[in-house]
Amino acid sequence: MQRCGVEEVTRAFDTDESIVMLLINNESDDSEVEKLRQRAINSNIVVKQGSPRHLWRMAKRTSGEIGPNILALIGRDPTRSSAEIFADGGLVWLLSGAQYAQNIGYSIRTVEVSGADAIIIDTDLTSDQRRIAKRTSMRANRFLTLEWADSLSTVIAAKEAGARIIAIEDIGQTEPWDADFTGPVLLIVGGERHGISVEILDEADDIIRIPMAGFVPSYNLQAPLAVVAVEALRQRRE
């Protein structure tokens, strides 16, 4: 969740909201922003800086071409492990075998925007490809837990933590709006070519299928992820 601008961030401090991070315009000379920065430092809250353009793009609210000088991340702690998140009833995504850095970046962004707590990625990317993925995500990886891990070990750990395992694959029998995404959940999307392995599907508690009515028999990776992400957000917000 985001607090946008001096007034909202000040109120967040004054009402003891769980501020995890501040993002501050690196060109700001606003004395109120400096006071908030000092409050954050005194409270051991992470402070990061960005350009005016960067904050303009990240802000939930802007005034024309003028963005806020300060944003605050509320509630979600990017330093928490997936195990800790499951213990608190959180929602985690697993990209199992996605191969293209841009697709992974778009997925990170969708997962963050839709309010999930973490994303785990099982893929073989070079360090340069990982940087491309993070850049494509609009650096959304800074605002949620991001782990790189093996799919099967992730699923086993999630089950041991009491999470339900929900896969998204075209062999599923359940439509997204008929599934339950509340409580501790691991949502799994497969790679662009091979989908989710049988080994992982066998561990799933439910398999979601996104309805299709066209001639082409499959969606791009981000489409089913987005459909389920928004439905999960709707259910968990209610």
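Worth pointing out:
- At least 1 residues being over 20 Å from the mean Cα position of the chain (by Cα) is the threshold, and among the strands (runs of 3 or more DSSP E) wholly inside segment 1-84 those reaching it are 19-25, 46-50, 70-74.
- Residues of segment 144-165 classified as part of a helix (DSSP H, G or I) and either of a type in the set (A, V, I, L, M) or touching a Pro at 6+ places or on another chain (Cβ under 6 Å) (or both), total: 5
- Within segment 85-101, being part of a helix (DSSP H, G or I) and within 27 Å of A59 (Cα to Cα) holds for I85, A101.
- Candidates I104, I121, filtered to the one that is crowded, with 19+ Cβ neighbours inside 10 Å, part of a helix (DSSP H, G or I) and without any contact (Cβ under 8 Å) to a residue 40 or more places away in the chain: I104
- Of the candidates E192, E175, the single residue that is in contact with a strand residue (DSSP E or B) (Cβ under 8 Å, 6 or more places away or on another chain), among the acidic types (D, E) and surrounded by fewer than 21 Cβ atoms within 10 Å (Cβ to Cβ) is E175.
- Among the residues of segment 7-57, the one identified as at pLDDT below 95 and among the aromatic types (F, W, Y) is W56.
- Leading residue by the ranking (nearest to G50 (Cα to Cα)) among those in segment 1-37 that are of a type outside the set (D, E, K, R) and without any contact (Cβ under 8 Å) to a residue 40 or more places away in the chain: N26
- Residue that is more than 12 Å from the chain's Cα centre (by Cα) and modelled with pLDDT of 95 or more, where the choices are D150, D124, D117: D150
- Candidates are the residues of segment 90-100 that are of a type outside the set (F, W, Y) and at pLDDT below 95; the one that is surrounded by the fewest Cβ atoms within 10 Å (Cβ to Cβ) is Q99.
Each row is one residue, and each column tells you yes or no for (1) farther than 24 Å from F86 by Cβ; (2) out of contact with any strand residue (DSSP E or B) (no Cβ under 8 Å at 6 or more places or on another chain); (3) among the charged types (D, E, K, R).
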site: I210; (1), (2), (3): yes, no, no
site: F215; (1), (2), (3): yes, yes, no
site: S218; (1), (2), (3): yes, yes, no
site: A226; (1), (2), (3): no, yes, no
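- Filter result for R80 (surrounded by 14 or more Cβ atoms within 10 Å (Cβ to Cβ) and within 27 Å of V228 (Cβ to Cβ)): yes
- Subset of segment 7-60 (residues that are hydrophobic (A, V, I, L, M, F, W, C) and farther than 26 Å from A116 by Cα): V33, L36, I41
- The number of residues in segment 212-238 being at pLDDT below 95 and of a type outside the set (K, R) comes to 14.
- Once segment 124-137 is narrowed to residues that are outside any loop (DSSP other than H, G, I, E, B) and among the hydroxyl-bearing types (S, T, Y), the residue that is farthest from G75 (Cα to Cα) is S127.
- Of all residues in segment 206-221, those satisfying the criterion of being under 15 Å from P176 (Cβ atoms) and not hydrophobic (A, V, I, L, M, F, W, C) are D206, R209, P211, Y219.
The values are calculated or read from the model by the stated rules, or taken from the named source; none is laboratory data. Keep in mind the model is a prediction, meaning the values are calculated, not measured. Glycine gets a Cβ as well: all are built from the backbone with ideal geometry, and neighbour counts include every protein chain shown.
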